[in-house]
Amino acid sequence: MIQAIFFDRDGVLNEEVGYLYEVEKFKWIDGAHDAIKFCNERGILTIVVTNQSGIARGLYTAKEVEILHEFMQKSLLEVGAHIDAFYYCPHHPNFSGECDCRKPKPGMILQACQEFNINPAQSILFGDSERDIEAAKAAGLRDGIFFTGGNLLEAVKVHCTEGDS
Ligand SMILES: [Mg+2]
Ligand SMILES: [Zn+2]
């Protein structure tokens, strides 16, 4: 049984466009709404963990990131789906110094596990970069899965239905 699914944001839930913060540039990945809804209906927590060094670089503000996340949540609510929590790392070592949250470090995942009482060994992550997969490993998640395109619902289904029967 899977307790929580961690999703990287850019490149997994939405198209990667580089330092995204504008709602107008936001485009959902195919199957993203349905993937989140699929999890909601099965009681699987959905948690976003995203590096947002654009904040440290002064390209956009934390407030703008939060507005974008509210927009995502509203869009999901329209189809009866929701993300349980968003965690973002605003840092970059060259601009703000080292931190414990920027992936490949596991800080955001560990914080979520603590706040939601999640067992990492019963949870998985979908990411599109090596950093995501390393963070999943470092946090002790059951699996870090590369998602490099296609339909997110199909990808989630593959990993949530195995061993169910
Ligand atoms: Mg990504
Ligand atoms: Zn950080």
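The values are calculated or read from the model by the stated rules, or taken from the named source; none is laboratory data. From a predicted model like this one, the values you see are computed outputs, not experimental measurements. Neighbour counts run over all protein chains shown; Cβ positions are idealised from the backbone, glycine included. All accessible areas refer to the heavy atoms of the entire protein, side chains included, with ligands and DNA or RNA removed. Shrake-Rupley method; radii C 1.70, N 1.55, O 1.52, S 1.80 Å.
Selection of segment 23-44 for residues being free of Cβ contacts under 8 Å to residues at least 12 places away in the same chain, away from ligand 1 (no atom under 16 Å from the Cβ) and within 18 Å of residue 68 (Cα to Cα) yields only 24. Restricting the first member to segment 46-64 and to residues that are open to solvent by less than 60 Å² (accessible area, probe 1.4 Å), and the second to residues that are within 11 Å of ligand 2 (Cβ to nearest atom) and among the β-branched types (Val, Ile, Thr), the beta-carbon pairs closer than 6 Å and six or more apart or on different chains are 62/55.
Here no helices (runs of 4 or more DSSP H) wholly within segment 28-120 include at least 1 residues being within 16 Å of ligand 2 (Cβ to nearest atom), closer than 22 Å to residue 153 by Cβ and among the β-branched types (Val, Ile, Thr). Residues in segment 1-22: is at least one open to solvent by 60 Å² or more (accessible area, probe 1.4 Å), part of a helix (DSSP H, G or I) and more than 16 Å from ligand 1 (Cβ to nearest atom)? No, there is no match, as no residue in segment 1-22 is open to solvent by 60 Å² or more (accessible area, probe 1.4 Å), part of a helix (DSSP H, G or I) and more than 16 Å from ligand 1 (Cβ to nearest atom).
Conditions tested, residue by residue: (1) under 21 Å from residue 53 (Cβ atoms); (2) surrounded by 18 or more Cβ atoms within 10 Å (Cβ to Cβ); (3) within 15 Å of ligand 1 (Cβ to nearest atom); (4) among the hydrophobic types (A, V, I, L, M, F, W, C).
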{"residue": "98", "(1), (2), (3), (4)": "yes, no, no, no"}
{"residue": "116", "(1), (2), (3), (4)": "no, no, no, yes"}
{"residue": "131", "(1), (2), (3), (4)": "yes, no, yes, no"}
{"residue": "144", "(1), (2), (3), (4)": "yes, yes, yes, no"}
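Return yes when residue 130 is closer than 23 Å to residue 33 by Cα and acidic (Asp, Glu) and no when it is not. Explain how you work it out, then say what you get.
On the way: closer than 23 Å to residue 33 by Cα: no; acidic (Asp, Glu): yes.
No: the conditions fail for residue 130.
Residues that are open to solvent by less than 20 Å² (accessible area, probe 1.4 Å) and of a type in the set (Val, Ile, Thr) within segment 65-96 comprise 65, 83, listed in sequence order.
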